[in-house]
Amino acid sequence: MEDGTGPDLRATLERRRALAQWVAREIMPHEPRIRAWFVKRRIAHDVIDELVQDAYCRVVMLETVDHIECAHAYFFSICRNLLARRLKRQQIAPFDAISEIESYRDTGTPTPEEQVATRLASERVRALLADLPERCRRIVELRKIEGWSQREIADHLGITEKAVEKQVWVGVRAIRSGWDAIDREPEAAGDNRRVV
Amino acid sequence: MSDRDQAADWVARMDSGNWSEADEAALQTWLAADPRRQGLLLQTQAAWMLPDSVREPDVVETPEPANDTRGKWMRRGVLGGMVAASVAAFVTVRTGFSRDAEFVTRVGEIRRVPLDDGSIMTINSGSELKVSLSPRAREIQLLQGEAWFDVAKDAERPFIVASGPVRAKAVGTAFSVRKRDEGVEVLVTEGVVETWSDQDASRRLTVVAGERALIKEWALVHYREGDNTPVDRALAWRNGMIDLNGTTLREAAEEFNRYNQRQIVISDPGIAGEQFDGLFKLDDPMGFAQTLKVTLPVAIDTSDPSTIRISRSTEADSQK
């Protein structure tokens, strides 16, 4: 790294980045579908947010993800277990509801929804990126498509590295909230549904 | 700053290439304050990784061996079957996230791009432009730098290059547009180009082959052949050359500096006005500087790797 930091720091950063990339590719496209499963069981949106975030906390604690065969199935099962524990603690759900959640088994064969999840997510992200504010979008493109470093972008545009970092921050926030909206689309549709 | 905003801040900072031990320590402190933050950080960083998975372009740029030495189309993550075989003759790359095709070149990079309509665009060093071809119109926005256009004839769709308020319109011609500080310069190599400024669309200037025009917001300055530099010399960059004819050292240095990271600096204003001729490779400023020594009384200082300093040589220098 340019400022001469140790190899340990670089390794830490790289591990963090690789994990984030694994999540983006293997888990995030399936989030809407996973969330919908909880919505169907009448779990409140903010509770689902917490379950998902807690599940990601579990993922962070993993030493390695190499042993995980199907990332989204794994993630889904963490979310279900967390929900079961929460319900037991709160003692409000009927016993059979909890056992249904605990005993749920993924079929193992990808459903049609699972198969298209990645392509669908790609299309949605692309639309999201097209809607970024102009300046931010150009910088995100130079970073992500052209593969330029933040410093190279700063040189090319004649602005400071701090200014580029700021636009990356704007981009990260926008992508995050854009994705949240995509995540919740099935929920918005399902709000009118009666108890299943 | 909210947790979400702070998480985004950490991600942007890790992405900058300037992450230090101090930053890592500060991050650990922030994470320790609330167990949920670990998950939040992962989600946020993963969001930043999402664009990586949508990088595949819709179509592939025809690989041009001559100038495209870096194989940028490979770096864009063009994958699998799309690459080698099935490349159509004239295809536009949708490289950006926007709905138009966008092109950016770095300092020293010259790229030749065929467009969907059969036109060919050669983009000069340090440029940025957007291409929007629709059934009714062909529009290019030049945001920075310079590009030369060999426009395919299409009477149904005028080809219009816009740079700021300036417009240059062609039906079937070859011309270049360059954004300069003092205005937009249009050079025509073939055919006829109509130019005007948005500010007063009724005043139009017709530029024909061999002529150049400089369009500012409120003025149109027209040079005919014979004034300053003839058009093909000015476009020698398309062949990787700089063609000088009676050009001052100052102007020549400016040209080289457009294409190279290593900048030519003229330390003595007195020699900046010296004139000379020659055809030079634009990516070889050192070669240019060496040639100078033969014909002009100059000394060259190359001790700083980022510059080539040219100054008037003294008696002592010329004995070396």
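The values are calculated or read from the model by the stated rules, or taken from the named source; none is laboratory data. Owing to the predicted nature of the structure, the values given are computational and were not obtained by experimental measurement. Because the Cβ atoms are built from the backbone with ideal geometry, glycine has one as well, and the counts that use them run over all protein chains shown.
Structural remarks
Yes or no, residue by residue, for (1) within 23 Å of A:Glu141 (Cβ to Cβ); (2) surrounded by fewer than 17 Cβ atoms within 10 Å (Cβ to Cβ); (3) assigned by TED's automatic domain parsing to the domain that holds B:Val208; (4) touching a His at 6+ places or on another chain (Cβ under 7 Å):
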| residue | (1), (2), (3), (4) |
| --- | --- |
| B:Glu109 | yes, no, yes, no |
| B:Gly118 | no, yes, yes, no |
| B:Ser125 | yes, no, yes, no |
| B:Val131 | yes, no, yes, no |
| B:Ser134 | yes, yes, yes, no |
| B:Arg138 | yes, no, yes, no |
| B:Glu146 | yes, no, yes, no |
| B:Gly172 | no, yes, yes, no |
| B:Gly183 | no, no, yes, no |
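- The single condition from (1) under 14 Å from B:Ile140 (Cα atoms); (2) surrounded by 18 or more Cβ atoms within 10 Å (Cβ to Cβ) that B:Ile160 fails is (2).
- Listed by first and then second residue, the pairs linking a residue in segment A:158-185 that is within 8 Å of another protein chain (Cβ to nearest Cβ) to a residue that is surrounded by 19 or more Cβ atoms within 10 Å (Cβ to Cβ) and basic (Lys, Arg), with Cβ atoms under 8 Å apart and 6 or more places separating them unless they lie on different chains, are A:Glu165/B:Arg13; A:Val168/A:Arg143; A:Gly171/A:Arg137.
- Lone qualifier among B:Gln199, B:Gln263 - being of a type outside the set (A, V, I, L, M, F, W, C), out of contact with any Leu (no Cβ under 7 Å at 6 or more places or on another chain), at pLDDT 90 or above and surrounded by fewer than 19 Cβ atoms within 10 Å (Cβ to Cβ): B:Gln263
- Top-ranked residue in segment B:3-58 [being more than 20 Å from A:Phe75 (Cβ to Cβ), surrounded by 14 or more Cβ atoms within 10 Å (Cβ to Cβ) and among the polar types (S, T, N, Q); ranked as farthest from the other protein chains (Cβ to nearest Cβ)]: B:Gln6
- Some residue of segment B:106-117 being closer than 25 Å to A:Leu128 by Cα, modelled with pLDDT of 85 or more and either within 21 Å of the chain's Cα centre (by Cα) or acidic (Asp, Glu) (or both): no
Residue-by-condition table, conditions (1) of a type in the set (A, V, I, L, M); (2) in a strand (DSSP E or B); (3) farther than 20 Å from B:Asp232 by Cβ:
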residue: B:Ala162; (1), (2), (3): yes, yes, yes
residue: B:Phe175; (1), (2), (3): no, yes, no
residue: B:Glu194; (1), (2), (3): no, yes, yes
residue: B:Leu205; (1), (2), (3): yes, yes, yes
